[in-house]
Structure formats: structure tokens, C-alpha cells
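Please treat every number below as a calculation from the coordinates, not as lab data. Quick caveat: nothing in here was measured; it's all calculated off a predicted structure. All Cβ positions, glycine included, derive from the backbone under ideal geometry; neighbour counts span all protein chains shown.
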Amino acid sequence: MLKSARKKPKDPEGRMPLVEHLRELRNRLVKALLAIVPLMIVALFFAKDIIAFISEPVPQCADQAEAAAQGGRCAVLSHMGITSPFTTFVKVSLITALVGAAPVWLYQLWAFLAPGLHAREKKYALSAVAFGTPLFLTGAYLAYWVLPHAVPILLSFSIDGSTNIVTVDDMIDISVKLVLAFGFAFQLPLVLVLLNLGGVLSGKRMLGWWRGMVMGIAIFAAMVTPTDPVSMLALAVPITALYFGATGFSLLNDRRRDKQNPDARLSDDEASDLDLTPAPVPA
């Protein structure tokens, strides 16, 4: 059933009938699920430890009396509802399986898209995967580093004598949100570099956008992070530095490209230099 649809003679341009595309998509999805489902089953046995790891940034109180004595600067972890513990286990196991099986389903996605790409596009796509994965992991690690600093700051706004009840689902949601926000934000310099390598965006234009980019990064960081300055700065400062790093790389790449081919960056309506020196007519 999982036999690849591309065992037949391949079209040199990667063209396939619609039915073959659908069959190939089905096979790739099934192969990805075969990697995700077993990992999800294994993760169910360790879900309690994973939940404890995710909930560790919360300064916990022994009971509500201690929470009231601390002036709301700690919290009581709880589950809301009878089915909440089970659904939390399933959610954590699924997220863990998706992360653990990322190399498999990313490869299946790449294998499905690769036949329709040109040689240069395939090279850029492989480079995106090679450099994008470490960048995403770096952003995810930074997000988890931010949580222990952000949660106490948020809890410090509690009214004296109040009790903070934080559900495990809330911690999972905010952790996943921060990991995705930081991870995908760290892909910005990679996207800019790929656009520059493809000749779509010049380094000079990127440099001209620096004011708007700095403001946009700050607004994005304020929107996706908790309402504390530590989280915002932890996201905005590295992304801004990576943006200027990508701009510097693009400027150097444009200079190298101009030296190799000075006419490569002429627009369609821009005339190249012509040699108008009179020459004698041969006999």
C-alpha cells in the first residue's frame, strides 16, 4: 500500500498526473503517521514526567493557604474537570511525538515537493532545512529559558491575599506558544538570506528597511510574549541582531555577485553600456 508512486519512469521536470500526486501525498502522510503514532504511544508512558518538566517554571505553593500568605507570588497547579488529566496526557504525548518525529515528516514533506523544484531550488531548500533546524531549536531553548523569569513577574501583579490557580493546560499552551513563536521568529534571517541568494531581495533594500524592521520586531515580540519586558527583550534583541547579520551577509553576497557579473543586476528597462567607438569598415 505504501509503495511509492514514483517507481514508474520519472518525468525530467517532475510532472505527474493529478491521481499520482494524490497517491503520492497519501503515501507520504501514512509514512509520517507511522513515525508519529509509535512515538505518541511511548510518550504516553512518560507524559507525567513531561508535564512536570513543562510546569517546572511555575513557583508552586503547597496549598491555597500558603499562596495567600505569599501574596499571590506563587500558584497552585490544578486540572479543571474530570477528563482534563486524560486530555492533558494525550495533548502532551501528541506534541512530544510531533517534535520527536520532525525529521521523518520534514523529510516526507521535502520528498513530496522536491521533484517539482529546479536544481538551485533544491539546493536552497536543503540549506534551509540544514540551517533552519538549529535556529528553531535555539529559539525553542530561549523560550524555555524565558518561562522561569516571565511567570514570577506575571504572578507578582496578584492582589495581596489572593490565590493564583494555574491549570496545567494553561502552562502547556503558553509553553507551546512561546516555543513556536521563538522558533519561527528565528527563521527570519534564513528567509531573508534565501531571498537574497535567489536574487529576489538585495542587501541594500534590506538595510533601507532597518527602522521599520526594528519596530516590527518589537511589536511582534510584544504581541506573542507574555506581558513582561524580560520576555519581549529576550525575543526582540536576538531577532534584531540576526536581521542585521542577514543584512550584512546579503550586502557581501551582492558585492561578490556584482564582481562576477556586473550586468546581472540590471533591470529589464535599463540599458547596458555599449561600445560606440567608430571602427573602420573592412575591405
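About the Cα centre of the range 18-258, what is the dipole size in debye to 20, counting +1 per Lys and Arg Cβ and -1 per Asp and Glu Cβ, all else neutral?
1320
For a test of the definition: using alpha carbon positions, the gyration tensor, and the 1.5 limit on a/c, classify the range 18-258 as rounded, prolate or oblate. Taking the square roots of the gyration eigenvalues as a ≥ b ≥ c, the range 18-258 is oblate.
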